[in-house]
Amino acid sequence: MIVAFYAVLAVGFVVLGIGGIMFLDHRFSQAVGDRSFAMKGRRLETDDPFVRRQFRRYHAIRVAYCAALLVLLFTVVSNVG
């Protein structure tokens, strides 16, 4: 029973992680609209200060989201059993 619970937990966290990051990337794309920018790996190439500001903002939100998922994962796993 514990194995099944851990399997469901793992699938749930993978879906939350990938889905959340994809949602934040989508919101970033909507926020900048049609302004010009290019992603080269993890780097942003643009001359527009608005795009840079939005990128820093959404990157900070992504880092906080990942940290919150890790804290939630450790909390849930420590309370199982």
Most fluctuating of 71, 51, 32 in the GNM of the chain (C-alpha, under 10 Å) is 71
Can you give the angle from 0 to 90° between the axis of helix 2-32 and the longest principal axis of the chain, with both taken from C-alpha atoms, to the nearest 10? 10
Calculated [θ] (222 nm, deg cm²/dmol) that DSSP helices of n ≥ 4 give over the chain, each run adding -39,500 (n - 2.57): -27000 deg cm²/dmol
What does the charge add up to near residue 58, with Lys and Arg as +1, Asp and Glu as -1, over the other residues with Cβ less than 9 Å from its Cβ? +3
Excluding ligands, DNA and RNA, what is the solvent-accessible area per residue of the chain at a probe of 1.4 Å, expressed in Å²? 76
Whole-Hz Karplus ³J(HN,Hα) for the stretch 35-47, in order, using 6.51 cos²θ - 1.76 cosθ + 1.60 and θ = phi - 60°, x for Gly and Pro? 5, 7, 7, 9, 9, 10, x, 9, 8, 9, 10, 7, 9
Sorted largest first, the Cα spans of the stretch 20-70 on the principal axes come out in Å as 34, 18, 17
Net charge (Lys, Arg +1; Asp, Glu -1) of residues whose beta-carbon lies under 11 Å from that of residue 46, residue 46 excluded, is +2
Carbon and sulfur %, accessible surface of the chain computed with the full protein complex present, 1.4 Å: 67
HN-Hα couplings for the stretch 65-72 via Karplus (6.51, -1.76, 1.60; θ = phi - 60°), in whole Hz with x for Gly/Pro, come out as 5, 5, 5, 5, 5, 5, 4, 4
Gain on full stretching of the segment that runs from residue 50 to residue 63 - 0.36 nm per residue minus C-alpha separation: 2.7 nm
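The values are calculated or read from the model by the stated rules, or taken from the named source; none is laboratory data. It should be emphasised that the depicted structure is a prediction, and the values quoted were computed from it without experimental measurement. Positions of Cβ are backbone-derived with ideal geometry, glycine not excepted, and every protein chain shown enters the neighbour counts. Please note that ligands, DNA and RNA were not included when accessible areas were found on the heavy atoms of the full protein model with its side chains. Shrake-Rupley method; radii C 1.70, N 1.55, O 1.52, S 1.80 Å.
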